[in-house]
Structures are given as structure tokens and as C-alpha cells.
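Below is one structure, written out as C-alpha cells, with a few remarks after it.
The values are calculated or read from the model by the stated rules, or taken from the named source; none is laboratory data. Please read all numbers here as calculations on a predicted model, not as lab measurements. Here the Cβ positions follow ideal geometry from the backbone for every residue, glycine too, while neighbour counts run over all protein chains shown. Surface accessibility is based on the protein's heavy atoms, side chains included, excluding ligands, DNA and RNA. Shrake-Rupley method; radii C 1.70, N 1.55, O 1.52, S 1.80 Å.
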Amino acid sequence: MVLKVFFPQCCNLAASGLLVGRWIPQHDSAVVLAVIHYPFIPFQVKEYIRQMGKESHVDLSILGSWSLPQDGEEDKDNFQEGLSAIFDMQRWLQVSRRVGQKGFVCRLLGEEKEAKKSEEKEEEEEDEEKVIFIHYEQRKVMLSEIHPIQNGVPESRDDSLSELRQVFHTVSNSGPLFFMDKYDDGPLKSTHWQSEGREGSIIVELFKQASVPLCALIRRLLAVWTWICTMRIFGLFPLPFLWSKLSSCVQLSYRTQHLKTLTDGTQAQFLRKANVFVSFLVDIGLGLFLASWLYRDRHISILADKLLPAADHVAKELEELLQWLMGAPAGLKMNRALDEVLGRFFLYHIHMWISYVHLLSPFVESILWYGGLSACLGLTFALSLLSDMVALLTFHIYCFYVYGARLYCLKIYGLASLWRLFRGKKWNVLRQRVDSCSYDLDQLFIGTLLFTILLFLLPTTALYYLVFTLLRLVIVLFQGVIHLSVDFINSFPLYAMGLRVCRPYRLAGMYLRQQNNVYVFRLHLVFGMCATFCSEGVRFRVLSEEPGTALHLLMEINPLKSGVVINTYRTPTYSCYPKDSWGALIKKLFVGELIYPWTYKSAKGHAAKAD
């Protein structure tokens, strides 16, 4: 078994002392975290290690000794061998570095040998051949969060037997060990990763202290809001139905769930909370920018003055379209009676709708003024309110689509039923299949008459259905763009993508494989010509292969790919998505069934995708 020693780069030039870290016996590895310098008192070192292990919940111990003679100092190898007896360790690493050499000389003491060699020189060569030093940057490993990935999909985090995950876990949980600065006055001096300064940590601590009462206040306000929403009066019909159909109400409920997630006192899933918080801040910032634009230079009054002429223009265009359909559209010969009835029916609805809009015209500016205040709740809420306003302003087009679709669907299913009558078939409702059936002469005569009437009236109905379906699809497409924009702002992991761009080492990717990762080191020993190789998403590069010293590798973190980061940390949303495939959608359009593309609610996240 190859002994792998994970050694921090910041300790390469540390003064002589003791190696502090953790043994991983099941993988025959050792993780070095710090070097405690001479002079020291063994009792104080043991007490310090015990206290640090209790605070960090890591099984810390003395791994061995480290020797780097300075100018004018003597070699302390004999003294290091005596330390193993003082601290009474079963396994003891005696690591030394000579002046002018890059590599380390390592001896493993206290390990039982399966076969004894006749000469001491052969034993030392065997020990040195078994030890590999893997240098790592302590700060990056401490701040990293390793992600198990299998074929681009995040797997379960319960893989405690993985060696690299244990290394990352040991370094990240050893924060209390790094609190002791090299400039602090104390009985022990150590070398480890040092922070850039304490001013930043003080500011962070102040923010943490201030966040506690703020979260408590938000939690109380959310409790009051939840109590108001659960009142019995809001459960009476048709209020729940309206709230489920209005995008602004759905968005308000969604943001309420986000605030509940943020005010949760647990520290679990910090990155997900950070993504929600950053998304919330960006949403509020964009909303305030939109509100400042609306209330500056009388933009709301300008929009209110243009809204009524725009509604009149749309009504005029619809009237001209209906007049064109009531004539001979594109040279087609329509059924005059049915064409006249349908045209007048739809014209009546247009006139009624225009009268309703003119009735509301004195209140349009006030509605827009108060509606603009919704932008203070976020851009997503303003966009959701815009979607609801578009749905209300185009309600007459929706009615036209429903009337045309129902009439067209009735004729399609009627023709299909009469066609089965000609072939001596009928639809069995109980068994949901087509069975044979015998009809008499009167039934065939009436069926033929009805089939002829429906067939000749079908082109007129189909033309109206086609025109109003296209109008409805244009409005649905516009609302779909709004819904996708809201969903993008709600679910896109801005904080995680910022880390991926600025600090990619924070999102380390560990690609799971079936084989044990120890074989990689053995392969390198066999194929020594390779300069770099990868294992489980971590890249290794050869640093030194000096004769008489151990093999030295540099461990570099491979960050997650951008697509994997988005899929992993994308916030689940409760927007509306179509439940039908493209084939089913085209079939419904052909037979005239009603289509509601954004009325099927489903939670969408990194694990659920729309069809």
C-alpha cells in the first residue's frame, strides 16, 4: 500500500517542529494541517491538540516531526526519533528537508513490517519508495466544497469512504486550528495558512450578529402574513381559483417561501441560501430601477395617454379583420349565412369590450400609478403584474378563441362520428374502442344529411378558428416570454456562477469512478514519464523526483463546469409549464381542443424539467 501524505504548501519552508494533522487509516493516508515549532512543552502540545480536536470535531493527532535546518543549526534527526517515544504514537513520520533540495526525505517509524530485510539500507529505501507527498494549497481546499458528479448529474453526498472527500472534509473543518496567528503571544508557535487580515473577519462577524435580529423580525412578519393568508375568508370561492390563475399572486407566494428559506436558522445548504439571497437582491434592485424610471419625467402619464388610443387601434384592426372574413377572404367562397352570424357575433363582443375600456379610461392613470409601486417588490412581481394586465386587456381575444375552438371541435368530432356511421362502426364508451354496428336506412339517411351539412360549413368555421388561434398564440407567446424572464430571475444561481467565474476552486468537482483511486498513484510509479494526470476531478502534477527523496505531486482543483453548476444550484420554481409534448400540442390544435400552455403548475428545479 502506498502511503500518501497530503502536505500544505505553506509549510514547505516552515521551521523545524511537529506535524499536526489526521490519519486516514482505511486509505493509508495522512493529512498535514500545521507545523508546531520548537521549543514547546509536550504536555501543552497534547492539551492544545485535544482542545482543537474537540472544537473542530476532527480526530487530530501528532503525525510526526518536521526538520528544516536553518543556517548555523545542527541536524535534529536523533532528537526527532526521541519525540516518537515521548508522544507514544503507533505511526510516526520523520520528515526532513535538506538545504538546497526540493524534495523531502521521509521515514515511517513504528509500522509493523510483513517481511524484514537483512540490511537497514534496504529497509530505508523501501520506506522512501512507499511514501508520496501530495502538496495542496490549504486556503483553496479549506474553502472548497467538493461535489460528487456522475455523468454530469450530482449524486448523493453520502460517500464518506472517498479518500479525497475525507481530505477536503478534514481541512475545511479544521478552522479552529488556524485561528492562532503566528504573531500571537502564546506558548506555541505554528505555521499554517494565514488569513489576509482580521479586519475583514470582524466585518463579517458584525454582519452575522446583525443578521440574527433581522431574521427574527422577518420571521415574525412572515408569520403574520401567513396568518392573514390562512384566514377563512380567503378560502371562499372564487378567491383560491383567482389566486391560482394570477401570476402576481403566484410570484408573491413564491417570494414568501424564499424568505422563509432565508430566515431558517440552520447553516445547511449555504450556497443555495446565498443564491436565493443574491437573486432576491438583484430582483429588488431591478425593480427599484424600473420604479424610478416610471415615476420620473411623467412616464406613467405618457403610458396612460397612449393606452386608450392603442386599445382603439387594436379594436379597429379587429373590426377590419372581421369585415374581411365576412366577405371573400383570399378569394375563398364561404357560407354566407354562417359567415354573417359569426361576424356579427364577434363584432358585438368587440364593441362591448371597447365600451368597457372607455368606461375605465378615467382610472387608467391611477391603476398604472399604483401598479408601478409593485416594482418596489421586485422586477419579477412587476413582470407578473404585467402578464396579468395583458391577460385582462386581451380577454376578448381569448373569448374569440374559445368560441371558435369549441365550434370547430364540435364539427370535427361530429364528422368523425358520422364517418364511422358510414363504415358501420361506432365508438364504445365503456371499452374505449371502435366496435362494429348495424344501422337502418333512416339512420344512414339522417347521418348522410348531417355529414354533408357539417362538411360544407367546416371551411367557414375553420377559417375563423385559424385566425383567432393565431391571435391567441401571439398573446401566449408574449406571456411565455414574461414567464421565462421571471423564472430566469428566480432560479438562476447568480452567487454560484459568480464563484465559478471569480473563485472556481470554491466549487470543486469530484467525478465518481468505480475503481479505487489508489491505482492512480501506482500507475504513476509504473509510468513515470507522465507529467500530469487526473483522479476524481482533481488534477495532479509532478513537482519533484529527485533521487534519494520521496515523490512529490501538486494537487490542483478541477472546478465544476458551468452547466453542472447551473443544474446543481438552480433554485426550484413554481412557475407554470406546459404538460403536453409538441406532438400532443399539434394534435390539440388540429382537432380544436383548448390549450392552456401556462396553467399547469409544477415545481421545477435541477431535478425536474418541463417537457
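Numerical summary
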quantity	calculated
Residue within region 439-452 that is outside any helix (DSSP H, G or I), free of Cβ contacts under 8 Å to residues at least 60 places away in the same chain, open to solvent by 60 Å² or more (accessible area, probe 1.4 Å) and not basic (Lys, Arg) present	yes
Members of region 454-467 that are open to solvent by less than 80 Å² (accessible area, probe 1.4 Å) and either free of Cβ contacts under 8 Å to residues at least 24 places away in the same chain or not hydrophobic (A, V, I, L, M, F, W, C) (or both)	Pro459, Thr460, Thr461, Tyr464, Tyr465
Inter-residue pairs, beta-carbon under 9 Å, first open to solvent by 80 Å² or more (accessible area, probe 1.4 Å) and in region 539-556, second of a type in the set (Val, Ile, Thr), 6+ apart	Arg539/Thr532; Arg539/Ile557; Arg541/Thr532
Residue pairs meeting the criteria (Cβ under 6 Å; at least 6 apart or on separate chains; first within 17 Å of Phe346 (Cβ to Cβ), in region 385-399; second part of a helix (DSSP H, G or I))	Thr394/Ile475; His396/His349; His396/Trp353; Ile397/Leu471
Residues of region 1-19 that turn out to be part of a strand (DSSP E or B) and at pLDDT below 85, as a count	1
Enumerated helices (runs of 4 or more DSSP H) restricted to region 252-370, each holding at least 1 residues that are farther than 27 Å from Tyr464 by Cα, open to solvent by 80 Å² or more (accessible area, probe 1.4 Å) and charged (D, E, K, R)	299-326
Where Thr394 falls short, out of the listed (1) more than 14 Å from Tyr465 (Cα to Cα); (2) of a type outside the set (Phe, Trp, Tyr); (3) more than 46 Å from the chain's Cα centre (by Cα); (4) surrounded by 16 or more Cβ atoms within 10 Å (Cβ to Cβ)	(3)
Condition check for Trp193: in a loop (DSSP other than H, G, I, E, B), at pLDDT 70 or above and surrounded by 11 or more Cβ atoms within 10 Å (Cβ to Cβ)	yes
Some residue of region 20-39 being open to solvent by 50 Å² or more (accessible area, probe 1.4 Å), in contact with a Lys or Arg (Cβ under 6 Å, 6 or more places away or on another chain) and part of a loop (DSSP other than H, G, I, E, B)	no
Leu407 being closer than 30 Å to Phe346 by Cα, out of contact with any His (no Cβ under 6 Å at 6 or more places or on another chain), in contact (Cβ under 8 Å) with a residue 40 or more places away in the chain and not basic (Lys, Arg)	yes
Output for region 8-19, where each listed residue is under 18 Å from Phe540 (Cα atoms) and buried (at least 24 other Cβ atoms within 10 Å of the Cβ)	Pro8
Count - residues of region 371-391 that are open to solvent by 80 Å² or more (accessible area, probe 1.4 Å) and aromatic (Phe, Trp, Tyr)	0
